[in-house]
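Report on one structure; see the data block that follows.
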Amino acid sequence: MEDQNIDPKVIARIKKMLHLANHGSANEGEANNAAEMAQKIMMEHNISMAMVEGASVDGAGRKKSVDEGNAKFAFQRELMVACAEVNFVFQEVNYNYRGTYKKATGYTLIGREANVVACKTLFEYLFQTIDRLGLDYVGGDASQAFGIAANSFKEGCAARIGERLRDRHREQLAEQARQAREANAAARHPSSTSTALAVVMTDYAQDERDSNEDLRLGKPEGFTKHKRLMATKRAEVVSAIEGAMRPLNSTVGDRDVLLQAARAGFEALVANRSWTVDDELEGIFDQEFRRELNYHMDAYNQNVRWAKLTPLQKQREIEKEQRASDRYWNAYYRRNANRREAPSGVNADAYHAGSRAGNSVGLDAQVDREVRKEIK
């Protein structure tokens with residue numbers, strides 16, 4: 001489907017918008033403003049793409065890209081995490097393990113082609129901007145551009161800009177989801193003439209993560225989604241079994257009685273959720289019942305043993321457990337008494353200065369109006 005491939009117009013709009021602030025005279029206000037505008041464009045692109053696909057997600061138009069460089073410093077890696085997250089892209093840092101220390105050499109990016117390109121474009125722009133702001137912080141001294149103070153400033157700036165990008169992304173998803181659910185509720189009303197349902201972008205975002213993970217693992221489409229849904233079902237089955245067996249903790253030690261209670265809780269859950277019981281779900285019940293049965297019998301046998309002890313024997317048991325606890329903690333404190341906290345390598349003042357710079361970025365309404373005017 002053509003909409004799943006890179007849309008040159010979308011990428012061109014993003015690059016044009018980022019170019020507005022990508023020069024030496026740009027101030028801090030333009031950095032995050034440009035990033036936020038790029039993010040908004042990509043959100044609109046993904047919404048339209050999801051609508052065309054009818055909320056179905058397949059592997060077409062998805063790519064795995066390995067990029068070298070720009071991963072040596074912590075601020076670069078933190079920035080890439082944020083850029084990938086807000087563009088529905090999976091990212092992983094690649095390391096070279098030869099030598100004494102592992103070295104970050106680049107990134108593996110997985111996602112739709114348009115999203116991967118947008119992630120790279122956004123990262124490169126913000127990386128260059130933060131790098132320039134870090135150099136300004138040390139007075140333009142190139143010899144200090146990669147010192148502790150400059151790098152700490154960059155880390156603070158990248159962390160704050162990443163937070164703001166994520167906040168904006170979550171707000172966009174939440175607002176779109178609210179509007180989509182309202183539109184869908186209206187479409188389902190008996191008086192409505194519309195049958196088209198809007199895509200809920202929070203669901204789309206989860207489908208994107210699942211499909212990216214399928215490609216990363218080399219699994220068929222739908223593998224990760226099925227695994228995630230079954231993990232959710234497993235958690236509910238565990239809760240149902242525990243709830244059914246809990247009232248019997250101190251009174252029943254009969255496996256058949258416990259199985260009957262657990263089975264009743266499981267069947268009530270299945271009926272409530274309208275699940276189809278297949279071999280996989282039955283296997284989950286069997287596994288979790290055996291595990292819960294072991295816990296139950298251990299606790300039951302301990303309660304029976306404890307009930308048979310005399311008051312003096314109970315007191316001795318309590319004192320024995322207390323002595324064992326004291327020995328453990330005394331040994332722990334001895335091991336750690338002379339341990340020194342390793343230096344963090346971060347200049348706290350520079351980090352907070354960078355965080356403040358990242359916090360103030362993109363709040364200039366006049367810059368926003370200028371950007372909106374140029375992007376058509």
ask   = Working out 0.36 nm times the residue gap between residue 328 and residue 227, then minus their Cα-Cα distance, what length gain in nm do you get to one decimal?
value = 32.4 nm
ask   = Cα convex hull of the stretch 163-270: how many Å³ per residue?
value = 209 Å³
ask   = Given the C-alpha centroids of the stretch 54-132 and the stretch 316-339, what is the distance between them in whole angstrom?
value = 46 Å
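Between residue 302 and residue 257, what's the calculated FRET efficiency when r is the beta-carbon distance and R0 is 30 Å? Round to 0.05.
Numbers: r = 19 Å, r/R0 = 0.63.
The value I calculate is 0.95.
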Simple label model, 7 Å out from Cα along Cβ direction - residue 64 to residue 348, nm = 4.4 nm
note = If amide H atoms are modeled at 1.01 Å from N in the peptide plane, then the residues at a separation of 5 or more from residue 105, or on another chain, having amide H under 5 Å from its own are 94, 95, 96
Shape parameters for the stretch 223-336, alpha-carbon atoms, Rg then Dmax in Å = 20.0, 58
query = With charges set only on the Cβ (+1 for Lys and Arg, -1 for Asp and Glu), what does the dipole of the stretch 223-336 come to about its Cα centre, in debye to the nearest 20?
reply = 740 debye
remark   = With 0.36 nm assigned to each residue of separation and the Cα-Cα distance removed, residue 103 to residue 171 gains 20.9 nm
request  = Along Cα→Cβ, 7 Å out, is where each label goes; now give me the distance between the ones at residue 235 and residue 144 in nm to one decimal.
outcome  = 4.9 nm
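Restricting to Cα pairs below 8 Å that are 6+ residues apart, what does the relative contact order work out to for the stretch 141-227? Please round to a whole percent. Working shown, then result.
Values: 42 pairs, mean separation 14.3, N = 87.
Here the relative contact order equals 16 percent.
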task = Extending each Cα 7 Å along its Cβ direction at residue 96 and residue 44, get the distance between those two points in nm, one decimal.
result = 4.2 nm
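Each value in this text was obtained by applying a stated rule to the coordinates, not by laboratory testing. It should be emphasised that the depicted structure is a prediction, and the values quoted were computed from it without experimental measurement. When we count neighbours, we look across all protein chains shown, and the Cβ atoms used for this are built from the backbone with ideal geometry, even at glycine.
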